[in-house]
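The values are calculated or read from the model by the stated rules, or taken from the named source; none is laboratory data. All values reported here derive from a predicted model rather than from experimental measurement. In this analysis, Cβ positions are derived from the backbone assuming ideal geometry, glycine residues included, and neighbour counts consider all displayed protein chains. Side chains are part of the model used for accessible areas, which takes the heavy atoms of the whole protein and leaves out ligands, DNA and RNA. Shrake-Rupley method; radii C 1.70, N 1.55, O 1.52, S 1.80 Å.
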Amino acid sequence: MFKVQKYVDSKEKNYDLVIKQLEALIIDERNCIANLSNASALLNQFLENINWVGFYLMEDGELVLGPFQGLPACVRIPLGKGVCGTAANEKRTLVVPDVHEFPGHIACDAQSQSEIVIPLIKNGEVIGVLDIDSPIKNRFNELDQLKLEQFVGTLVKYI
C-alpha cells in the first residue's frame, strides 16, 4: 500500500525520494499501463504548480494519449508537432518557459503556461513521452529536468 508523505526536504532530496517511491511501486509489476498510471499519479501528488501530468505513447508513428492526471487532453499528436511531438522527434527533453512562444504549440488546456516533455527511450527508440504542464510561466528549471529524466530512466527499466 502506498503511503502519502509530505515532501519537506530540499527539492533535490524530495525528487530522490519520489524516484525511490516510483521504483517501489513498479518493481514487481510488468504491465505498462499500470506502471504509467501509478507514475502519473505519483508525480501529480508530488509536484506543485502543475495542471496536467501524463504520458503519450508511440503507436503507428504518432503519439497517442496514455495514462494521465488532469483535464481531458488531445488524443493524438503527430511527430514533430507541438512540444510533445517535437521532443519525441528530436529524442530530447524540451523545457518551455512560455508555451505561447513555442511555434506550433498544441493547447489542450488553456490554463497551461509552461511545459516540460521528457522522451521515454528504450533500446534507442522513443516509446513515448512524459508531459507535464504548469499554469505558471517558467515553472521548470534544470533541476526539474535532471530529476525528471532520472524518474523516466527508472520508469523505462520496468516497461
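Brief remarks on what is shown
- At a probe radius of 1.4 angstrom, the accessible area of region 50-89 per residue rounds to 42 square angstrom.
- Whole-percent carbon and sulfur share, accessible surface of region 5-110, 1.4 Å: 50 percent
- Point-to-point label distance, ASP60-VAL75, nm (Cα→Cβ direction, 7 Å offset): 1.1 nm
- Stokes-Einstein diffusion coefficient of region 70-159, Kirkwood radius over Cα pairs, 25 °C, 0.890 mPa s, in µm²/s: 185 µm²/s
- Sites LYS137 and ALA34, calculated FRET efficiency, Cβ-Cβ separation with R0 35 Å, nearest 0.05: 0.55
- Contact order relative to length of region 1-135, as percent, for alpha carbon pairs under 8 angstrom and 6 or more apart: 20 percent
- Segment ASP109-GLN45, extension gain: residue separation times 0.36 nm, minus the distance between their alpha carbons: 21.1 nm
- Dimensionless Rg over Rh [the chain; C-alpha; Kirkwood]: 0.93
- With a Cα cut-off of under 15 Å and a minimum spacing of 8 residues unless on different chains, the lysine pairs in region 8-159 number 8.
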